Amino acid sequence: MKHQQNETHGAPSTRTRRRRFGTALVAALGAGALLAAGLVQPQIARATAAQDPLRPTTTLSAAQRATLLGIAKDTWKFFEKTVDPNTHLPLDNLGPGETKGTYTSAANIGVYLQSVVAANDLKIISRPEARSLI
């Protein structure tokens, strides 16, 4: 699309000037937003670095710890019983009684791997056992 020219002077028309101004304004606003984000980013990084997300904010009592560890051990027993003996992958379709499916899913494999790591971290299984399961 050619820009309209003012016939008497060869200068761009008012419509063309407005379009150019709008484009320049959008570009300037975008650059300003990027500059503002760049100026604020170091402060955000410092603020979030000061907070340690892995440090507990509360302390569990001995009874609470024992209860949670018992739940973790029971959960691990479930995984020990529901892993396919041939593929060593968790089964996806479990029915009543001893009915077990013959397939798995990516989500189940991911949860199983997380459970192996957690069981090792909680000393429910040994590191060599965890390595062999992974």
- Message: Just the residues that are free of Cβ contacts under 8 Å to residues at least 40 places away in the same chain, hydrophobic (A, V, I, L, M, F, W, C) and part of a helix (DSSP H, G or I), please, taken from the range 80-119.
- Response: 106, 107, 109, 111, 113, 116, 117
- Task: Go through the residues of the range 110-117 one by one and say whether even a single one is surrounded by fewer than 14 Cβ atoms within 10 Å (Cβ to Cβ), among the small types (Gly, Ala, Ser) and within 29 Å of residue 66 (Cα to Cα).
- Result: yes
- Query: With (1) surrounded by fewer than 11 Cβ atoms within 10 Å (Cβ to Cβ); (2) modelled with pLDDT under 80; (3) assigned by TED's automatic domain parsing to the domain that holds residue 120; (4) not basic (Lys, Arg) as the list, and residue 106 as the residue in question, which single condition is left unmet?
  - Reply: (2)
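The values are calculated or read from the model by the stated rules, or taken from the named source; none is laboratory data. In this text the structure is predicted, and so the values were computed from the model without any measurement. With ideal geometry, Cβ positions are generated from the backbone for all residues, glycine too; neighbour counts draw on all protein chains shown.
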